[in-house]
1. Give me a count of the residues in region C:284-312 that are surrounded by fewer than 16 Cβ atoms within 10 Å (Cβ to Cβ), of a type in the set (A, V, I, L, M) and not in a helix (DSSP H, G or I).
2. Can you name the residue in region B:247-259 that is over 18 Å from B:GLY32 (Cβ atoms) and among the aliphatic types (A, V, I, L, M) and is also surrounded by the fewest Cβ atoms within 10 Å (Cβ to Cβ) among such residues?
3. Hey, could you check region B:133-165 for residues that are in contact with a Ser or Thr (Cβ under 9 Å, 6 or more places away or on another chain) and of a type in the set (S, T, N, Q) and say which is nearest to B:LYS112 (Cα to Cα)?
4. Which residue is nearest to B:THR283 (Cα to Cα), if the candidates are limited to region B:108-134 and must be out of contact with any helix residue (DSSP H, G or I) (no Cβ under 8 Å at 6 or more places or on another chain) and within 12 Å of chain A (Cβ to nearest Cβ)?
5. Hey, can you tell me all the residues within region A:187-215 that are of a type in the set (Val, Ile, Thr), over 30 Å from D:ILE20 (Cβ atoms) and in contact (Cβ under 8 Å) with a residue 60 or more places away in the chain?
6. Answer yes if at least one residue in region C:210-233 is within 17 Å of the chain's Cα centre (by Cα), within 14 Å of chain B (Cβ to nearest Cβ) and within 23 Å of B:CYS229 (Cβ to Cβ), and no otherwise.
7. Of (1) away from chain B (no Cβ under 14 Å); (2) modelled with pLDDT under 95; (3) surrounded by 22 or more Cβ atoms within 10 Å (Cβ to Cβ), C:PHE244 satisfies all except one. Which?
8. Sort out which residues of region A:57-77 are more than 21 Å from C:ILE65 (Cβ to Cβ) and either in contact with a Ser or Thr (Cβ under 6 Å, 6 or more places away or on another chain) or outside the structural domain of A:VAL194 (by TED's automatic domain parsing) (or both), and write them in order of number.
4 protein chains.
Amino acid sequence: MINFNCDYLEGVHPNIIKKISETNMVQQQGYGFDDYTIEAKKMIKPLVEGDIWFIHGSTAINKLITKTALKPFESIIASSKAHINTLETGAIEDAGHKIETIRDEDGLLNAKDIEDFIIKKENDPSKFHKPKPKMVYITNASETGTIYTKKRLTEISEVCKKHGLFLFMDGARLPYAISASNNDLTLKELTSLVDATYIGATKCGAMFGEALIINNDYLKEDFRYNIKCSGMLFAKTRFMGIQFTELFRDNLIFKLAKKANDQADRIRRRLVEKGYNLTSASTSNLIFVDIPVEKFLELREAFNMWVMSYDDKICNVRISTSWSTNDAYVNELIDNL
Amino acid sequence: MINFNCDYLEGVHPNIIKKISETNMVQQQGYGFDDYTIEAKKMIKPLVEGDIWFIHGSTAINKLITKTALKPFESIIASSKAHINTLETGAIEDAGHKIETIRDEDGLLNAKDIEDFIIKKENDPSKFHKPKPKMVYITNASETGTIYTKKRLTEISEVCKKHGLFLFMDGARLPYAISASNNDLTLKELTSLVDATYIGATKCGAMFGEALIINNDYLKEDFRYNIKCSGMLFAKTRFMGIQFTELFRDNLIFKLAKKANDQADRIRRRLVEKGYNLTSASTSNLIFVDIPVEKFLELREAFNMWVMSYDDKICNVRISTSWSTNDAYVNELIDNL
Amino acid sequence: MINFNCDYLEGVHPNIIKKISETNMVQQQGYGFDDYTIEAKKMIKPLVEGDIWFIHGSTAINKLITKTALKPFESIIASSKAHINTLETGAIEDAGHKIETIRDEDGLLNAKDIEDFIIKKENDPSKFHKPKPKMVYITNASETGTIYTKKRLTEISEVCKKHGLFLFMDGARLPYAISASNNDLTLKELTSLVDATYIGATKCGAMFGEALIINNDYLKEDFRYNIKCSGMLFAKTRFMGIQFTELFRDNLIFKLAKKANDQADRIRRRLVEKGYNLTSASTSNLIFVDIPVEKFLELREAFNMWVMSYDDKICNVRISTSWSTNDAYVNELIDNL
Amino acid sequence: MINFNCDYLEGVHPNIIKKISETNMVQQQGYGFDDYTIEAKKMIKPLVEGDIWFIHGSTAINKLITKTALKPFESIIASSKAHINTLETGAIEDAGHKIETIRDEDGLLNAKDIEDFIIKKENDPSKFHKPKPKMVYITNASETGTIYTKKRLTEISEVCKKHGLFLFMDGARLPYAISASNNDLTLKELTSLVDATYIGATKCGAMFGEALIINNDYLKEDFRYNIKCSGMLFAKTRFMGIQFTELFRDNLIFKLAKKANDQADRIRRRLVEKGYNLTSASTSNLIFVDIPVEKFLELREAFNMWVMSYDDKICNVRISTSWSTNDAYVNELIDNL
């Protein structure tokens, strides 16, 4: 069985294991004060706008930023497809806040919809009986694999500033977005347009861990306390530090993402040639495609894909490449489409 | 201007003021241990199944029951029209829980939809990444003025028991439901079918206050602590107690509700006669009706109604009678329709 | 039995009942937009520095301000005797925050202790593993009946400003403090020195309700949403409004407090004459005194007082006068001491 | 500089790195459904009473269990030295609950103190104004390095059952307790006496991770949802699984702990010989000792220890051995004492 169902099937990039082995018996302080964490932050600092923190996972960050940013009555504007709305077991509501969903365009929000929503709220005579939106949550690459262009993100950023909204970008697959062929944003530009985002490493070669970038003074303040209070402070942060030194050495993480995107592009091209209906305009490592049920049943003998939905005739599946996807497996899939 | 926009425009039933005056200088203990609270509970006890607590308002109770009943990852099933979903400024999410909305029939849930939703959840391979529904929230009379029949409520109650769900009924307008012409449930039967509900007095003649009925051992346990912890314990509970002794003396609260329903029926009949489109099958004190814009503009010179939505041609309004609605005003409205 | 055990034994000042009766059938909007609420705010506005909101009770406010002011990891500095620490069923912790207790002087904090605590925290190498203090909570009149002088409060206010701490004063008995013989603060001065406080009416002639004064832009922002989200918004706010118009008409609330303080002074003088040991230097309506057990057993045949602690020989009791304490009862107590 | 300041200075036991390397490119499902997690659970299952979950850290577990177990108004009984009370940045209060501290005996609670506290609460006429204790939190090995004997733990367990309290044992250093020379509890016995505990691996050879054991049906129910909701679910749980297969293979974790305890015993014996005052009767890997300031200043040229407190004459320090402490370093310390 060849797995294309998600982007964390294999372990960790070998450079990381190598570095962990080499440094294993060096004594290091904990709780973020180890040499590797400090070094990793130094490496990332010039690439981004903001403070850097390493946190073990993306739901953890989504929850932490929400809880830090919002007053009790404030809500989050997001796509109904947003990961926080669909696949986080109510983590955001557990943090105390309502998610208010608006229309998306293939996974992406746009500035006008956000502004329309805000203005409608502000003019609502019952507004004090409804949550007050205070944060916009977007995902890049989005849940359908699409990415935010400089134009789209700048417009959203401007609307957020105008209406006093935090702009928070879920970056669980940010390396894939940054490395997409149609991306026109540098990491520096991107982080300067948002209040917080993260460079997701769990899905791009790490054992675990995301580099949270906070570019907002209110959120930055005393953030170190937040990590412990939320139960997210690791004692041996050296392991988080080492993962990020290795993944940012020679831009490894972006190279890994680029390769996965290229493999996805090859599969997408083949799908188009063969007349399959791509159900999102993804340019990153996720492919969403309709497959006739009969063909799907044949494929699944050899290939594991994630079924999004199905009816009698059509199966909509997600095919995922990753930092560790084997070229031979891609070829085999392409041959069988 | 004659107001039909809501059911709490006037003050409080005169019997309550009278009793407050008479007893004002009698010394009483506080925090629920005054004679009037004890007497009111004794009066209500035979009418219901469960423990009785007096709480100042309905959002407070909705929040309190949610917080007491649910573990962090558990969610609430409700209509998208549910008051907790639309008009409580995120109070339920502030208490830590997601509201998952399902289809309603003119404001009412049905057992089959609930069970289908639960079964789909249980069979979802990603279920651990989604909230686990644990409570069903229904409103009686509903947000559209309709009421739960014995058959409908019994079926929902059974589905809830079968799947281990709490059944919680918002009773902000329960007196109006109990007094509706098509109601076939006694308060005793109704309270025996739910885990918690309340007899809303704020909208039926009180200054403030709802009689919470808890009919579930897990929720009952130590509930008195809950009230103080949530900041909802009054020092001078005598005022809550007196309101309920007076409202339950000779079934006053239900008589007041009945009168309001009758007035609403008169208005509804006139609307039907005149060919207006009633947009809900309400049998309680709220009327939802489409009014041509031109007619609406004429009416609003004299009558204040709540505009639900509108377009170029049609205005959908809510007309509300109450315990204190003046017959003369009803006549005047009827004459002008 | 004559009750001196607390300050809310009787009902409500007759002026309030009178006004409620007179205005009862006047139609009014709800949710804070009624004429009486607006009028009451206008009456109080010139007396204080800050925004005014009417909330039903003191624990509710303590919880609401805490939740609005603090980030998840932030804590509150308070006396170990603080009401929030002793008698609120964990309401503050339920709002998510730790109370860190420091030494008090007969119920009062002082600026130096606060600053010492803060500096020690800032220099603690383990500080990120401990909550970060962000609010100082004081009570005026304090839990032992003492009051804050202009000098003491100014010093605390300055320390709080210097270290970026919110200063929050529990005002459940603020009218008694303001009316104490040794008070040298106007309400205007007092409110200008704190970020938030409230004028407690529940214990001074109201049915329920406190006038919350917020004098901090961060806390002020969007506060109206907060009230609904917390389940503390009343539909018929007219009843809160009327209470405050009547209590502030001709400074009634302060006159009532003054009378109670004077009665307490008379009792205190008698106690001193008779050689009893006063265990606090209270100048407000609460008296704390050691009474030999034998004498106590005799007194309690006729007088109800609150026992704070006791051993074989001595009973420490709290005697409370109030806005409604009868002069004849005070005389009787004095005669029996 | 030789570090004795904590038990997580070095990386991870080499067996773990070896296994991670060997299995790195094997494709595995995530979210707890990988082969290694399943295997590790199978290995631990016969050793304990209860369900097993792997969670990344101890504060995370403390928070998670608290939040799952308690209703809003319920509190935790603990020693004032309890880790949750001193070094978790208010994580427990952030989860909504008050910690009520009682006397400890060298870090250990005893059944009688717990019962006295409970009985006093139950008889308190103001009890509804105070939190209701519902969980006892103990730490084993304790914050002072002492351990719970079978007798002490059995008595506490019985008191908890009698009064309906959850018994939760912080096990961040449980391997050291289980391996202490005076321990008379098997892991099986220990886990059968508590409602939840964990086998801390972070401080005993792992990169991160604790094996949570839940032995209470109410806490067990639906626990998998809890992990995701709290932001604590790892995608690549294989790395947690592998750590526990390797640490439980041939009882490695307990052997590592035993060696650390033995090293600590050697240091303790030397300290006693030399007349130092041991300030706790620790039998595990932590040593608490008074050192004259002059001697301390000399020692700290070469040895890093954790200063607990100090005055002009005496420095109280914590010396910590660990799974990875070098014998040569121990010898050097002993020679210098």
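The values are calculated or read from the model by the stated rules, or taken from the named source; none is laboratory data. Remember, predicted model here, so these are calculated numbers, not experimental data. Positions of Cβ are backbone-derived with ideal geometry, glycine not excepted, and every protein chain shown enters the neighbour counts.
1. 3
2. It comes out as B:LEU252.
3. By that ranking, first place goes to B:SER157.
4. Step by step, filter region B:108-134, then rank; the result is B:ASP124.
5. A:THR191, A:ILE214, listed by residue number.
6. Looking through region C:210-233, at least one residue is within 17 Å of the chain's Cα centre (by Cα), within 14 Å of chain B (Cβ to nearest Cβ) and within 23 Å of B:CYS229 (Cβ to Cβ).
7. Condition (2) is where C:PHE244 drops out.
8. A:LEU64, the sole residue that qualifies.
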